[in-house]
Amino acid sequence: MSGDNITPSNSNGPADKSSNGIRAVSASESSGTESSSDAPPRLVTDNFRGLTAENLGKRFDKRPVVRGVSLSIERGEVVGLLGPNGAGKTTCFYMITGLIQPDYGTITMDGQDLTDLPMYRRARLGIGYLPQEASIFRGLTVENNIRAVLEVVEKSRERREAVLEALLAEFSITHLRRTPSLALSGGERRRVEIARALASRPHFVLLDEPLAGIDPIAVSDIR
């Protein structure tokens, strides 16, 4: 993703914090060898339980699109990465999830260095990601979209079905369970995608423009 440089106003990341645990991070803003990908994450600190990105930077065709971005997220927080279109927010997400490697900077979770780990290892450790583009499995029904993820992370069939029912109810899509994905509206599709992202039980979920293109009523329901 190309665009304006990202230069955080505070190198520590958070720009403001309220009593309800919601923070806004202001932004005016592949993986290693096979042997390194199989190695366990390197412990760099045991003092912080959370997700941290420090001094991330990325260039495309010698053009800097992310420069010196740092953020720190604790479990249970809701954090917003703010910036204009083209500022590099999606590129930051790509680096944190492992979709692309940063040119410099480090990424840690619970004190373990994830910077050189491939994307699938980070997902197993608990980093989830929902892209801004439609990512629904088009050939599956609503319930099978969610079940496809549950079959990977949950061995017990009884437990899988219980979690499936809970997610369908949580996002008010139980009545759509057998509906083909191609027949969903934009708001319905987004609900299914968010439910599916949560099905893997991630510790942290990165939501890239989760409400873009959704009508106000659907936005209120999702929130």
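What full-extension length gain, to one decimal in nm, is calculated for ASP215 and HIS203 as 0.36 nm per residue of separation minus the Cα-Cα distance?
Numbers: separation 12, 0.36 × 12 = 4.32 nm, distance 2.85 nm.
In short, 1.5 nm is gained.
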Size of charge dipole - the stretch 142-222 - debye, nearest 20, with Cβ of Lys, Arg +1 and Asp, Glu -1, no other charges:
320
Under the 0.36 nm per residue contour assumption, what length would be gained going from the current alpha-carbon distance of ALA162 and THR179 to full extension?
4.2 nm
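Kirkwood hydrodynamic radius (Cα pairs, Å) of the stretch 127-223?
Numbers: mean 1/r = 0.0745 Å⁻¹.
Answer for the stretch 127-223: a Kirkwood hydrodynamic radius of 13.4 Å.
Just so you know, all these numbers are worked out from the coordinates, no wet-lab data involved. All values reported here derive from a predicted model rather than from experimental measurement. Here Cβ is always computed from backbone atoms with ideal geometry, including for glycine, and neighbour counts include all displayed protein chains.
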